[in-house]
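Everything on this sheet refers to the single structure shown next.
The values are calculated or read from the model by the stated rules, or taken from the named source; none is laboratory data. Since the model is a prediction, treat every value here as computed from it, not as a measurement. So basically every Cβ, Gly included, is an ideal-geometry build from the backbone, and we count neighbours across all protein chains shown. Side chains included, ligands, DNA and RNA excluded: accessible areas come from the protein's heavy atoms. Shrake-Rupley method; radii C 1.70, N 1.55, O 1.52, S 1.80 Å.
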Amino acid sequence: LISNGLQNSSVGSITFCGSNLIAGTYSNGLFTSTDGGLSWTQTGAAGEVINDVVAVGNNVFAASMALGGNYLSTDQGLTWNFSGNSYYSKLSASDSLIVGSGFGYIEVSRDSGVSFGYNTPAPTGTFIISNHITNADVYAGTSYDGVWKITISEVTGIDDSHIQAAFHAAVHPNIFSDESTLFVDEAVLTQQPRLEVLDLSGKIVRN
């Protein structure tokens with residue numbers, strides 16, 4: 001048993017990020033261990049139910065049931081910030097992509113959990129209860145209706161199959177009302193990218 005500090009919490013999800021372990025609990029939010037699970041510290045979302053956690057690079061995204069929304073850590077689970085209020089029951093990740101699914105939809109993050117968009121309804125008549133994302137496709141496990149697949153390019157309307165390098169872009173602050181700063185790798189600019197500003201529902205408000 002390696003749960004010193006977890007306070008008898010029910011752990012519904014767990015992931016590695018760098019050398020840290022991050023646990024999402026059903027009763028007291030997020031806990032992080034920096035020593036392989038020998039000891040744990042409550043690091044975020046105290047008292048909240050965490051549905052799932054995934055890691056991409058140094059980022060960890062946690063889906064919460066709370067009305068306050070989800071959480072993002074950019075330092076391997078040591079500190080957390082609010083990150084939107086879409087409801088996700090399940091998460092999965094591949095490269096810099098994260099997919100979050102509710103019963104009736106999926107949403108995709110293309111920037112390691114910093115923002116989500118491209119709200120895509122579940123197949124007609126189905127309820128999504130699990131998902132898995134690759135660098136090309138999203139697979140949705142449904143209740144009594146099998147497994148469905150949709151390509152990332154169908155979800156986002158962007159075909160990334162010709163891009164070989166891993167590019168990076170970031171916005172700070174990410175949640176904003178008036179001004180924000182966009183940081184983009186030079187390699188991104190050589191591709192003449194289409195830049196979109198989305199609201200929290202995934203609607204494009206600026207091209």
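Worth a mention:
- Accessible area of the chain divided out per residue, in Å², using a probe of 1.4 angstrom: 54 Å²
- Förster radius 41 Å - calculated FRET efficiency between Thr156 and Asp35 (Cβ-Cβ, nearest 0.05): 0.55
- Gain in span if fully extended, Lys149 to Arg206, counting 0.36 nm per residue against the direct Cα distance: 17.6 nm
- Taking each residue as 0.36 nm, the span from Asn4 to Ala66 lengthens on full extension beyond its C-alpha to C-alpha distance by 19.8 nm.
- Contact order, relative form, for the chain: 11 percent (alpha carbon pairs under 8 Å, 6 or more residues apart, mean separation divided by residue count).
- If only the Cβ of Lys and Arg carry +1 and only the Cβ of Asp and Glu carry -1, the dipole of the range 1-118 around its Cα centre is close to 120 debye.
- Heavy-atom accessible surface of the chain: percent carbon and sulfur, 1.4 Å: 53 percent
- Mean shadow area of the chain over all directions, Cα convex hull, nm²: 12.4 nm²
- Positive-end residue, the chain charge dipole about Cα centroid, Cβ charges, pick of Gln76, Ser3, Gly36: Ser3
- Relative contact order, whole percent, for the range 1-119 stands at 17, derived from Cα pairs under 8 Å and 6 or more residues apart.
- Chain lengthening between Arg194 and Ala136 when straightened (0.36 nm per residue, less Cα-Cα): 19.0 nm
- The protection proxy used here, the mean number of other Cβ atoms lying within 10 Å of each residue, ranks peptides 130-142, 53-65, 100-112 as follows, highest first: 53-65, 100-112, 130-142.
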